[in-house]
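Right, one structure below, let's go through it.
The values are calculated or read from the model by the stated rules, or taken from the named source; none is laboratory data. Small disclaimer: the values here were computed from a predicted structure and weren't measured. Here the Cβ is made from the backbone with ideal geometry for all residues, glycine too, and neighbour counts use every protein chain on show. When the accessible area is computed, the model is the full protein with side chains, heavy atoms only, and any ligands, DNA or RNA have been set aside. Shrake-Rupley method; radii C 1.70, N 1.55, O 1.52, S 1.80 Å.
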Amino acid sequence: MTVVVTGGTKGIGLAIAERLARPGEPLLLAYRSDDAAAEAAKARLAPTGAKVTTIRADVGQIEGA
């Protein structure tokens, strides 16, 4: 199962991503602008074994969705 978490690189979104991360499963973290937080989130989730991908996009806009 692929999981997509919008706002998944900080705060509640990151906590949700941590809870849903499964070894070998794709986990997509969408974020709007903080590249450093995205890299930190990816590193934090690495021990879960999930296949973490970060996606910079504003999903509040049609172009980002």
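Of note:
- Where a residue in segment 40-54 is closer than 10 Å to Leu27 by Cα and its partner, wherever it lies, is among the aromatic types (Phe, Trp, Tyr) and surrounded by 13 or more Cβ atoms within 10 Å (Cβ to Cβ), with Cβ under 7 Å and at least six apart: Thr54/Tyr31
- When residues in segment 23-65 are screened for being of a type in the set (A, V, I, L, M, F, W, C), under 9 Å from Thr9 (Cβ atoms) and open to solvent by less than 40 Å² (accessible area, probe 1.4 Å), 5 of them pass.
- Pairing each residue of segment 1-18 that is of a type in the set (A, V, I, L, M, F, W, C) with any residue that is open to solvent by 60 Å² or more (accessible area, probe 1.4 Å) and not in a helix (DSSP H, G or I), provided the two are 6+ apart or on different chains, yields C-beta distances under 9 Å for Met1/Arg22; Met1/Glu25; Val3/Arg22; Val3/Glu25; Val4/Ile55.
- Only one of the numbered conditions (1) in contact with a Gly (Cβ under 8 Å, 6 or more places away or on another chain); (2) of a type in the set (Gly, Ala, Ser); (3) open to solvent by 80 Å² or more (accessible area, probe 1.4 Å) is not met by Gly13, and that is (3).
- Test for Val3: is it surrounded by 15 or more Cβ atoms within 10 Å (Cβ to Cβ) and either under 11 Å from the mean Cα position of the chain (by Cα) or among the charged types (D, E, K, R) (or both): yes
- When residues in segment 26-61 are screened for being part of a loop (DSSP other than H, G, I, E, B) and not small (Gly, Ala, Ser), 5 of them pass.
- Leu20 meets all of the listed conditions (1) surrounded by fewer than 16 Cβ atoms within 10 Å (Cβ to Cβ); (2) on the phi < 0 side of the Ramachandran plot but one, namely (1).
- Scanning segment 1-25 for residues that are among the acidic types (Asp, Glu) and in a loop (DSSP other than H, G, I, E, B) yields one hit, Glu25.
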